[in-house]
Structures are given as C-alpha cells and as structure tokens.
Amino acid sequence: MTASTRPEPIAIISTGCRFGGSSSRSKLWDLLRSPRDVLKKIDRFNADSYYNADGHRHGATDVRHAYLIDEDYKAFDPQFFGIKPVEAECIDPVQRILLETVYEALENAGLPVESLQGSNTAFYVGIMADDYQGLMLRDIEAIPTYFATATSRSIIANRISLIALHQAVQALRSGESTVAVAGGANQILGPEVFISESKLNMLSPNGRSHMWDERANGYARGEGWAAVVLKRLDDAIRDSDHIECVIRETGTNQDGRKQMIREAYARAGLDLANPRDLPQFFEAHGTGTKAGDPIEAEAIHGAFFDPDVRPASERRDVKLNVGSIKTVVGHTEGTAGLAGAIKASLAIQNGVIPPNMHFANLSSSLKPFYGPLQITTKALPWPSLPAGVPRRASVNSFGFGGSNAHAILESYEPPVLVNGSSSGPRARAPRPLLFSADSEKSLRRTLAVQAEYLEEHVDVDLESLAWTLQARRSALPIKTWISVVMAFHSAFVPTHSLLMQWILHTWNPRTRPVLSNTYTMKLHTRERTRA
C-alpha cells in the first residue's frame with residue numbers, strides 16, 4: 001500500500017471528559033497513572049431498598065455500588081446555552097452534562113462556538129441508558145410540557161461511542177465535514193438497569209471489574225461523559241492546532257473480533273508480521289466477565305500471535321501490554337469505547353503505560369493467551385522504539401448486541417522549528433490575559449480553575465496562554481484582564497505563583513454589565529533556550 005492510498009490520518013485536537021473520580025482530562029490522567037479506589041455507595045436512589053444478595057430475586061439487585069461523578073448533576077446554566085429554564089428541567093441531565101463536556105472540548109481545542117456557526121461540523125454520540133425519562137414517567141400526573149421533545153431518542157444516536165468515533169472519522173475522510181466531534185454519555189439515576197442486568201449475571205456484586213482475574217464476576221457500572229474534537233491531520237497542522245494524537249484507522253463489524261483487528265491494520269498499511277508495525281499497548285474492552293474476557297483475549301492473541309502472522313520462534317521476543325480503564329472508573333457503557341480511546345491517547349502523550357486495578361491472580365481460562373499478552377499493575381515507561389516508529393495503541397469496544405469497534409492511535413511529533421535565539425535581557429510588550437464568562441459567578445469560577453491549572457503546571461508559557469485566551473476562546477460578556485509584562489532575567493521569580501495570587505486574592509470585580517478591570521504585573525522569568 002502506497003502513502004497515497006492509505007486512509008487519511010485524523011488528528012485528535014482536544015478532549016473533554018468527566019468520570020468517577022475525575023472532572024477533566026488532566027485529572028483523569030492523574031487517576032489512571034496512580035489509580036485509587038473511587039467506587040461509591042449509590043446515592044441516586046435508595047440502593048439498600050432494592051438490594052438482595054440473590055440478584056435473581058424479583059425487583060432486586062445484588063449491587064449497591066457504582067462509579068459516580070462527584071459534581072451535582074442537577075446544576076445547569078440553561079441561559080448559557082440559550083435554553084429556556086422550563087425546557088431545561090425536562091432535558092435529561094445526561095444530555096445537559098454532555099452539552100457542557102462538548103463545550104469544554106471545543107474550548108480546549110481553541111474553537112470558539114461562534115466560529116462553528118454555519119459550518120459543516122459533525123457530531124456523533126454513543127449513549128445507552130435513559131434513566132431520567134423513566135423517572136419522569138413514574139408520576140403520570142406530573143409529566144412536564146416539554147417531555148416529548150426534551151427526552152426524545154431522535155435527539156441522540158443510540159450507539160456505542162467507539163462507533164461514534166468511527167463515524168466521525170468517516171465523515172472527515174469523505175469531505176462531508178471539516179470538524180467532527182465524537183462523544184459518549186452515561187448516567188445512573190434509577191435501579192432498573194441494575195435489576196435487569198443482575199438477573200442476567202452481567203454485574204459484579206462487589207462493584208468492581210476484575211479483568212482477567214480469577215475473581216472476575218461481572219462488570220461494575222460507571223458514569224461517564226466524553227468528547228473528542230477531530231480534524232484531518234493536514235487541516236490541523238495548517239490551523240496550528242494542538243495535536244494530542246493521530247487516529248491511524250478505525251473499523252467496525254459484527255461478532256468477528258480477530259478479523260476486525262487484522263482488517264483495521266491492513267487498511268492502515270501496517271504489517272502485523274513486522275514488529276515495527278505492532279502496537280505497544282492494547283486497551284481492551286476488558287469488562288471482567290467470565291465469558292467475555294477469554295473470548296476477547298483469544299481474539300487479541302490470535303490477531304497478533306497466531307502462527308500465520310508470527311511463528312512460535314518469534315513470539316518470545318514480542319510482548320503486548322493489555323489494560324482496561326474499566327478497572328479504574330467502571331464500565332461507562334455508552335461512553336466506554338471513547339473512555340478507552342482517551343486513556344490510550346493520554347498514555348501515548350505521556351509515554352506511560354497505566355496500570356490495571358483489581359488484578360492479582362490470572363484466571364485459568366486466560367492462561368493459554370498470557371505471556372505474549374501481559375497486564376501491568378504498576379505504571380510502566382513506554383517501551384523504547386526504533387527511530388521512525390511512533391507510539392501506537394489499539395482500542396477495542398463491544399456492544400452487547402454484537403457490534404464491535406476498533407481504533408488504532410499513534411503519537412504525533414510536530415516538526416522542529418529552528419529559530420535564532422537572542423542573548424541578554426529583553427522585555428516584551430504587555431500581553432493581557434483576558435478572562436470572560438457569561439456571569440460574574442462563572443467568571444470567578446473560571447479564574448479559580450485557571451489558578452489551579454497554573455499551580456499544577458508551572459511550565460506554562462504565559463505568552464502562549466495570553467494568545468490562546470484572546471484568539472481561541474469565545475468572547476463572553478463579563479470580562480476582566482491582567483496586562484502582564486514579561487521580562488527575561490537570570491534570576492528566577494515564580495511568575496505563576498504571583499499570577500495565581502492576583503487571580504485568587506487581588507481581583508475584585510465591580511458590579512456592572514461588563515467588567516473591564518485592568519491590572520499590570522511585571523513578571524521575571526528564566527530565559528528559555530530555543531532550538
């Protein structure tokens with residue numbers, strides 16, 4: 001396959017997400033790199049009243065725990081999205097939070113929403129449960145006016161989110177769209193799904209996914225919202241977008257798991273017999289079920305290690321780390337495929353293979369495939385690679401109706417720009433850091449989030465931050481700014497700490513329709529060496 005006939009690479013230029021134990025992309029990575037138990041007692045309904053140790057009992061479930069988000073899911077600003085409050089109360093919270101997550105992803109991509117008006121931007125979403133609709137139907141006398149339009153299934157595409165990603169990739173490659181967003185959403189509000197799936201022996205009574213472990217007894221349900229913003233790679237480079245990673249290929253089929261993986265690699269022009277073309281990490285569906293785990297392991301092993309692609313003499317030299325985000329944040333159902341893709345993307349970007357949780361003793365049903373396939377319970381540095389070989393990860397996701405999806409992700413290395421470097425102290429013109437929001441309360445929250453970010457990321461380039469805030473953010477009505485003069489000096493002063501102090505303690509808005517307070521700080525930074 002020649003370069004001209006290979007499928008066009010697609011760039012992931014931004015990610016927005018919310019999962020149990022994490023409310024952003026960076027916090028999700030912190031959780032994945034150093035996992036902790038974020039399982040919670042279910043508080044969305046009286047879990048104890050539906051609990052019975054016998055999950056087959058009529059009207060009962062043997063599960064009382066799930067992976068739930070920390071924030072108040074009822075909090076929503078309809079005015080920000082131009083929605084009437086009376087209509088907003090009927091909109092499923094799963095869709096409200098999805099609106100917020102997609103907005104955050106677009107903002108992170110530097111794509112102001114107003115710049116997309118009238119554009120051919122595509123949006124695909126995977127979603128499963130409809131708990132909120134069921135809640136409203138429980139009181140037939142109190143069904144609100146906008147019930148039919150606000151909860152209609154026609155608003156969403158009821159598919160798994162990795163298929164949503166596949167469709168977004170196809171829309172970009174066909175020229176149907178220039179920007180595409182793939183999303184997923186899953187929320188837990190009622191007991192119905194727990195009761196139904198307990199009878200099918202799908203759920204883990206202890207609320208944990210023990211992937212490939214002898215304790216595997218079902219999956220743990222979790223909430224999750226995710227959105228990734230995509231462009232064709234050439235377009236992303238042209239537009240100077242930040243490229244998180246590249247989607248080399250995606251694929252879908254029905255029930256043919258090994259074949260799906262092989263076909264995706266073949267379409268990408270990758271030869272599975274060539275060690276350079278193999279993935280270094282595989283993000284499995286990995287639910288922790290006794291039936292599903294060995295079937296998937298056999299498919300992964302067969303795709304990469306069957307004798308027709310790799311003789312026995314070569315298998316000892318090839319190891320493939322396998323993991324699943326479900327062991328950390330649970331099975332987020334309609335969002336699960338995209339959750340796995342985001343985990344793989346973060347691992348590629350950071351050069352670290354995250355560990356699995358809840359793995360102690362390999363299940364006997366997995367032993368025929370273990371060895372070439374391995375699970376790590378501690379974070380590992382990404383394997384060293386020959387020159388020209390990108391970091392590469394595969395992602396699996398399956399729907400319980402038999403739909404399968406696969407994605408191949410790779411690292412992106414931007415071209416090195418060679419600039420002349422000047423010597424000696426120099427000063428830059430003031431560059432205002434512009435902050436805006438839809439209300440004063442939101443502006444205060446924005447400033448607090450920015451302060452937290454600067455505290456955690458002391459290497460942020462303030463000039464780049466100023467440009468991003470001015471040129472690649474929506475201009476909202478309530479504003480304030482600080483004009484920062486950056487002077488390079490050999491003595492280092494903690495500039496970000498000073499800026500954070502202003503954000504948290506100095507800024508004091510006047511109550512007027514548009515805030516225009518201006519502050520100037522002279523900050524000293526260490527001279528940066530430019531290649």
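Of note:
- Looking only at residues in region 162-205 that are polar (S, T, N, Q) and in contact with a helix residue (DSSP H, G or I) (Cβ under 9 Å, 6 or more places away or on another chain), the one that is surrounded by the fewest Cβ atoms within 10 Å (Cβ to Cβ) is THR178.
- Subset of region 39-52 that is without any contact (Cβ under 8 Å) to a residue 60 or more places away in the chain and of a type outside the set (Lys, Arg) - its residue that is farthest from LEU111 (Cα to Cα): ASN52
- Residue selected from region 70-93 under the condition assigned to a helix (DSSP H, G or I) and of a type outside the set (S, T, N, Q), by the criterion surrounded by the fewest Cβ atoms within 10 Å (Cβ to Cβ): PRO85
- Among the residues of region 315-337, those that are of a type outside the set (Val, Ile, Thr), in contact with a helix residue (DSSP H, G or I) (Cβ under 8 Å, 6 or more places away or on another chain) and either outside the structural domain of THR377 (by TED's automatic domain parsing) or surrounded by fewer than 24 Cβ atoms within 10 Å (Cβ to Cβ) (or both) comprise ARG315, ASP317, LEU320.
- Considering residues of region 246-285 that are among the small types (Gly, Ala, Ser) and in contact with a helix residue (DSSP H, G or I) (Cβ under 8 Å, 6 or more places away or on another chain) only, the residue farthest from GLU8 (Cα to Cα): ALA284
- Scanning region 426-436 turns up no residue that is assigned to a loop (DSSP other than H, G, I, E, B) and at pLDDT 70 or above.
- Yes/no for LEU106 being in contact with a strand residue (DSSP E or B) (Cβ under 9 Å, 6 or more places away or on another chain), modelled with pLDDT of 90 or more and assigned to a helix (DSSP H, G or I): yes
- Yes/no for VAL113 being at pLDDT below 90, surrounded by fewer than 20 Cβ atoms within 10 Å (Cβ to Cβ) and within 21 Å of the chain's Cα centre (by Cα): yes
- For region 310-335, the set of residues classified as at pLDDT 95 or above and of a type in the set (Gly, Ala, Ser) consists of GLY323, SER324, GLY330, listed by residue number.
- Residues located in region 319-371, provided they are more than 16 Å from the chain's Cα centre (by Cα) and part of a helix (DSSP H, G or I): SER364, SER365, LEU366
- Matching residues in region 212-233 - criterion: being under 25 Å from TYR51 (Cβ atoms) and in a loop (DSSP other than H, G, I, E, B): ARG215, ALA216, ASN217, GLY218, ALA220, GLU223
- GLU296 vs. criteria in a helix (DSSP H, G or I), modelled with pLDDT of 90 or more, of a type in the set (D, E, K, R) and over 23 Å from HIS65 (Cβ atoms): yes
- Residue in region 390-400 that is surrounded by fewer than 17 Cβ atoms within 10 Å (Cβ to Cβ), in the same structural domain as HIS210 (by TED's automatic domain parsing) and on the phi > 0 side of the Ramachandran plot present: no
- Exclusive hit being touching a helix residue (DSSP H, G or I) at 6+ places or on another chain (Cβ under 9 Å), without any contact (Cβ under 8 Å) to a residue 24 or more places away in the chain and buried (at least 18 other Cβ atoms within 10 Å of the Cβ), set ARG36, ARG18, ARG25, ARG96: ARG96
The values are calculated or read from the model by the stated rules, or taken from the named source; none is laboratory data. For clarity, every value in this text was computed on a predicted model and none was experimentally measured. Note: ideal-geometry Cβ built from the backbone for every residue, glycine included; neighbour counts use all protein chains shown.
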